[in-house]
Each structure stands twice: as structure tokens, then as C-alpha cells.
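The values are calculated or read from the model by the stated rules, or taken from the named source; none is laboratory data. None of these values were measured; they are calculated from a predicted model. Reconstructed Cβ throughout: ideal geometry from the backbone, glycine too, with neighbour counts over all protein chains shown. For the accessible areas, the whole protein counts, side chains as well, though only heavy atoms, and no ligand, DNA or RNA atoms are used. Shrake-Rupley method; radii C 1.70, N 1.55, O 1.52, S 1.80 Å.
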Amino acid sequence: MTTSEQDRWSRVKGRLRSTVGEDVYTSWFARMDLEGVQDESVRLSVPTRFLKSWIQAHYAERVLSCWQAEMPEVHRIDLTVRTAVRPVAPPKEAPAPVEVRRAPAPELRSTATAPVSASHDALGGSPLDPRLTFASFVVGRSNTLAHAAARQVAEGRRGDPVMFNPLYIHAGVGLGKTHLLQAVTWAGNSGNERKVLYLTAEKFMYGFVAALKTQTALAFKEALRGIDVLVIDDLQFLQGKSTQAEFCHTLNALIDAGRQVVIAADRPPSDLESLDDRVRSRLAGGLVVEMGSLGEELRLGILKSRVAAARAHHATFDVPEEVLTYLARAITHNGRDLEGAINRLLAHSKLNNQPVTLEMAEREVRDLIRPSEPKRIKIEDIQRVVARQYNVSRSDLLSSRRTANVVRPRQVAMYLAKTLTLRSLPEIGRRFGGRDHTTVLHAVRKIEALVNKDTALSEEVESLKRQLQE
Ligand code: ADP
Ligand code: MG
């Protein structure tokens, strides 16, 4: 890269900083690098996928116009993710081994659970389930990275540099978020060296609100700030302005003090609609990992681990291999149902004093077998698939360009976002380059009306839906 390019880049950054303000600039652009300039396009890179999609969704035009102010010939910004800088690659890009293995047993530290519970409870933590440890967590393709990151966090010692902060894990219901978070809490506390506090978002809210009422908010804050690792589960339930403000303070205070924060939610930070931008940016500044749905092998592994756990108390209980295979195949996605199935078989065989058979299993778990759940569709997927179909770029969809070849695909994409996801109109607007909700509504109505009379369009829309549901 030439020095003149570097100089330009510094000036562009200066412009950006003054248009978006210092706070926004540091949150989003501080880690953006210039990779090169070629003809009309500028290549920029950021360290995480989340930063990339956020900048594309919200600041694409601002970045472009800052460049154009320096170099009018620039017409395109290509934003990429700098892979080399990331400590660990996201799961989709790093095909993990398919084989399913048991998590290695935790180190033999003091594993007496009672004192851990007691000190944890004294801090006001949410109840912990003694079964949810690393030892009982089965590692497979969909959770390799989340598991590795969680172990890394759990093995840290007081004063160690923090590798990724916060560690943010997201996944659908029953895919092991709570299990992993509690495993971190058990493992961390069992060394008795660090204080690890596990809180559900509800508990955080309740704790805070209750503390305010009894005017011990200060004590609550102090307690929170005295811990080494804060683990918050189900962040999507965090609601209310004052709770959020407090959450934001706590998060900042802990991270700035070099304490570890671990968070789980059912969606990525970008989809936490009720949180404000600064919290979201802070959340995305660490490592964001998704756990995918449980594959069949992983389900089989979990079933086996459950049976082994049950056998510790019920030595005569056994589940034949063919029953396990059947269950792993029939029960999809949700870890809770796997656990429920084993519990039922256990109860049934105990109460009736009968061995477990395939017939028994089929009868007992019938209601746990559901048609496979519809896939969780993301706005990014919609934008990607629509962009591909209409041969435009995703940033075209997010841009303010009003040429027909972009306007129609954009409307279709917004329509699909409204009909295939649970996102609100304002949220969809935000994800389409910061548009107003009325614009989204207009697009939705427009396409709704058109698909009824325009068969070509209606076929296009159907084909897009199929591609998204695959
Ligand atoms: P979530 O919090 O994501 O909704 P949970 O952590 O409560 O899900 O998991 C639901 C059930 O599935 C629990 O009984 C959990 O122990 C089990 N489970 C999920 N993933 C795994 C795994 N990888 N290994 C062992 N058990 C698992
Ligand atoms: Mg949970």
C-alpha cells in the first residue's frame, strides 16, 4: 500500500470520526483497516463478522461518502473479515470433525459441590444444576467452538489476560447454552480461586430492581464488581431501560477491569432488538459463537451420557443400542426432549420392573416426536439469497439507491423478512440500512399486492422461500 493511500485513509477516518462522533467511531470503526484501493473500489477489513454486518447494515453509505469526499472516483466499498486476526474461526468456516467425543474430564481440583453452591448462593446467583458440568457435556460438530471457548474461559486464573470478552454464545432452545454456562460456573468456582457468578437475565433484573427497592443498589453493584467471571444466561429476556443502563455499566466496568463476561442468548447480538447500540457493540466486541442444532451423532452421544448418569443411581437400568439409535433418529433438535425420553424410560422400567425395549420406547416417547421444527431464518440469509437471485450486492440492498433493479429486490427482501422472521418493522428497517418502519411497511404491502396478480413474481418469491427453508 502506498503512503498516499495511507494518508487518504487517515483523512477518511478523520471524516468518519467527525460525522459519526467519537463513541460510535470507537465502537465500530476503531478496528477497521484499509486493505487496498483498486480503480473504483476500496477494500476494508474488520476483525469480526458481526462488525462487518453491522457496518454494512448501518454505516455503508457513510463510509462510502467519506471516501468519495477524498476520492470521488470510488464507487464501492468491499468489507471483509480479517481471518488471521481472529483467535478462533467461526464454526461454519472451520469444518469441525464429525466424530462425537466425550468432553475430557475436568481437572481433579476440589470438586465438592456444596461449598461452591454456598458461596455462589451467597452472591445471589441463580440456582445451579449439579449435573450440568463439562464432564457431562458432549462435544460434537455443532458445539466444538463454543465448548472450546467455554473451557478456555473456565480454566483462566485470576489475573490471566482475558482472551475474548465477552464470550457470547447463541443458539436455539434446548441446544446446550445453559449446560455450557453452568459448566463454566462449576469449573471456575471449584478451584475456589475465582468468583464466578451465574445469573439468568431475569435474576439480574430481579436482583437489581429488588436492590433498588431496599436501597442497597450500591451493595449490589459492589458485589457484582467483586466477581471475576460474570455469567448471564438468556440475555434476550433483559428488559427495561434502567435495567439495561445498569447492565451496560456492569458490563463496561467488568470488561474494563479485565474481568471475564460470558453471555448466552437465543439470538445474535444484532438481533437483540431491545438493547441499545452501545450495549450491542460491546457484546459483539468479543467472541460471538453460534451453536447449531444437535446432529444425530451428537444426540446419540447425549443419550448415552444420560443413560450413564442414570446408571450411577440405578445400576440395573439399561437401554439397548437399537433403542438409543431409534431415539437419536426420532427426536430432533432439542436436548430437553432427549433428557425427557431417558427419564421416561427410566421411570417406566423402574415402576413396572421391566427392561427397556423398542416397543416400550416407541410408546413412551411418542409425544416427544414432532415434525422437524422449521429452520430459524435470519435477515442476513434473506439478504444474501435475494441478492444472489437478482444479481445485486447485499450492500446495494442496504444502500439508498433507488434504481429499479435494486428497489424491487430490496422490497422483496423486506417482505420476506417480515413474513419469515419474527422481527418487527422498525428492526427490519434498521437492518436494511437504517430505513424507517413505514418504508418497510410500504414494501411489504406492495409485494403482497403484487404476488397476487404477478405470477412471475409470485414464483420468484416461492423459490426464494424454498431456498431459505432448505
Ligand atoms: P438451552 O439453555 O440452550 O435451552 P440446555 O443447556 O438447557 O439448553 O440443554 C437442554 C438439555 O439438553 C439439558 O438437559 C442439557 O444437559 C442437554 N444438552 C444439550 N446439549 C448438550 C450436550 N452437548 N451435551 C450434553 N447434554 C446436552
Ligand atoms: Mg437455557
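Can you pull out the residues in the range 149-179 that are open to solvent by 40 Å² or more (accessible area, probe 1.4 Å) and more than 13 Å from ligand 1 (Cβ to nearest atom)? Explain how you work it out, then say what you get.
Taking the range 149-179 first, the residues open to solvent by 40 Å² or more (accessible area, probe 1.4 Å) are 152, 155, 157-163, 173, 178.
Answer for the range 149-179, where residues must be open to solvent by 40 Å² or more (accessible area, probe 1.4 Å) and more than 13 Å from ligand 1 (Cβ to nearest atom): 152, 155, 157, 158, 159, 160, 161, 162, 163.
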Worksheet item: If only one of 312, 308 is at pLDDT 90 or above and surrounded by fewer than 18 Cβ atoms within 10 Å (Cβ to Cβ), which one is it?
Response: 308
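Say we look at the range 365-397 and pick out the residues that are assigned to a helix (DSSP H, G or I) and at pLDDT below 90; which of these is surrounded by the most Cβ atoms within 10 Å (Cβ to Cβ)?
Residues of the range 365-397 that are assigned to a helix (DSSP H, G or I), as a first pass: 366-368, 379-390, 394-397.
With the extra rule that they be at pLDDT below 90, the set shrinks to 366-368.
Working: 366: 9, 367: 9, 368: 17.
For the range 365-397, the residue satisfying everything is 368.
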Worksheet item: Going through the range 144-158 one residue at a time, which ones are more than 12 Å from the chain's Cα centre (by Cα) and within 16 Å of ligand 2 (Cβ to nearest atom)?
Response: 147, 150
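Report whether or not residue 389 is closer than 26 Å to residue 76 by Cβ and touching a Leu at 6+ places or on another chain (Cβ under 7 Å).
yes
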Discussion item. Looking at the range 212-224, can you tell me whether even one residue there is of a type in the set (Phe, Trp, Tyr) and modelled with pLDDT of 90 or more?
Written reply: no
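Conditions (1) modelled with pLDDT of 90 or more; (2) more than 16 Å from ligand 2 (Cβ to nearest atom); (3) not in a loop (DSSP other than H, G, I, E, B), marked per residue:
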| residue | (1), (2), (3) |
| --- | --- |
| 160 | no, yes, no |
| 165 | yes, yes, no |
| 175 | yes, no, no |
| 184 | yes, no, yes |
| 206 | no, yes, yes |
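Of these, 185, 144, which one is touching a helix residue (DSSP H, G or I) at 6+ places or on another chain (Cβ under 9 Å) and in contact (Cβ under 8 Å) with a residue 12 or more places away in the chain?
Values: 144 fails: touching a helix residue (DSSP H, G or I) at 6+ places or on another chain (Cβ under 9 Å).
Criteria check complete, one pass: 185.
Which of the residues belonging to the range 346-359 are part of a helix (DSSP H, G or I), closer than 14 Å to residue 321 by Cα and open to solvent by less than 80 Å² (accessible area, probe 1.4 Å)?
Selection gives 358 alone.
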Fill in: Of all residues in the range 421-458 being surrounded by 15 or more Cβ atoms within 10 Å (Cβ to Cβ) and at pLDDT below 90, the one that is farthest from residue 60 (Cα to Cα)
421
Worksheet item: Within the range 273-302, can you find the residues that are buried (at least 23 other Cβ atoms within 10 Å of the Cβ) and without any contact (Cβ under 8 Å) to a residue 60 or more places away in the chain?
Response: 299
